[in-house]
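Structure record follows, encoded as structure tokens.
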Amino acid sequence: MHHAPRLVPAAPLILLAFVVSTAHGAEGGSEAAAQAEAITLALRPTVGSVYHTETIADQTITQTVQGIEQTVEQKTTIGNRMEVTASEGAHTTIAITITRVAVEQSAPGQPAQSYDSQAADQAVPAAMKPLAALPETRYTITCDRRGSVIASEGLDGLVDKLAASMADTLPPQQLEMVKEQTRKQFGKQAMEQSAESLLAHHPEQPVRPGDSWKREIAINMGFAIEVDSEYVLQEHDADRAVAELSSGMTAAQGEMQMGPMTVKPDLSGTQTGTVIFDRASGWPVQLDLEQTVEGSLHMDAQGRSMEIPMKVRMTMSHRATLQTDTGSTDDEAPATATDDAEDAEDATD
């Protein structure tokens, strides 16, 4: 009997996909005038800024194996410290430290499992050992003004580090399978894609309320998913800008090798959500998403084939809080007169 592959929690800046509270402006004519202005949304945080982020993803994975429906419930919480270390021209360098990993999971025929890196004296379930090795991992990314990742450092040894955590519990052949699956979810490319899913939401040109723009990114859900999103600016004031997004999601063409098994995903879905940008820095400070992906996995092994219908539902919330000089966290500082002047200049370029 072949078992469907278990989807492991997505990459630490994860999963998946994709920021906002409501923005309030002044009343009357001044509000109407402000709303009519074109604004520039670009990633340009101050060097030395530190953001503390929390990303929470709730997944329900339903799959049918040999006529039997199975449902896996999973909640993943990822905490990060993101420090802006350099800014040169249109590029920003960010040092990321994973500060927390917490997972709760229930699956048919198995006891519920959980792990939280902040809990003291906690036994780590064998399947979650790679996740337990993530906290204190540090790496850097370099982004352009639209939040796209153009380079990274410090990720080359991460897959070996996570796979090594399973060395005492798996035979060599199974360990190689785990290492390959780990590479797909926590390798250099997957981690860069995860960062983009949280940062890369900006338009290329200045926008007014009602204007739209498109972005295309890739995310990792255990297999590559291409996300084609359209954003519409809803409103803005001096401090925040709010956009709504809707996306089409399609599994990338190709096959995955999982040991002796070849897996070809045939999946597609939709995503809706809201993103809030801080006006001064362009940092996405809030992201709320709902995703539904469904279809099937085609699996071939040793001359036998199987098709597994699958549906994944996920809600995701992401919050980024700026650290103040005292070490506490607070909302992003409002835009200054200089920032507004730069916005006006950008809008005329």
Per-peptide average of other Cβ atoms within 10 Å, ordering 92-99, 164-171, 308-315 highest first:
92-99, 308-315, 164-171
Order by neighbour count: Leu175, Leu233, fewest other Cβ atoms within 10 Å first, most last.
Leu175, Leu233
Give me the number: length gained by fully extending Ala112 to Glu290, i.e. 0.36 nm times residue separation minus the C-alpha to C-alpha distance, one decimal in nm.
61.6 nm
Give me the distance in nm between label points sitting 7 Å out from Cα along the Cα-to-Cβ direction at Glu37 and Asp121, one decimal.
5.7
Segment Ala90-Ile68, extension gain: residue separation times 0.36 nm, minus the distance between their alpha carbons:
2.6 nm
If the cut-off is a Cα-Cα distance under 19 Å, which lysines reach Lys311, setting aside same-chain residues fewer than 8 apart in sequence?
Lys75, Lys264
With Ala123 itself left out, Lys, Arg at +1 and Asp, Glu at -1 over residues whose Cβ is under 12 Å from its Cβ give -1
Förster radius 30 Å - calculated FRET efficiency between Glu216 and Ala164 (Cβ-Cβ, nearest 0.05)
0.30
If the chain between Asp144 and Glu104 were fully extended at 0.36 nm per residue, the gain over the current Cα-Cα distance would be 10.9 nm
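Every read-out reported here was derived from the displayed coordinates using simple, explicitly stated rules and does not represent laboratory data. This structure is a prediction, so every number in the text was calculated from the model and none was measured. Reconstructed Cβ throughout: ideal geometry from the backbone, glycine too, with neighbour counts over all protein chains shown.
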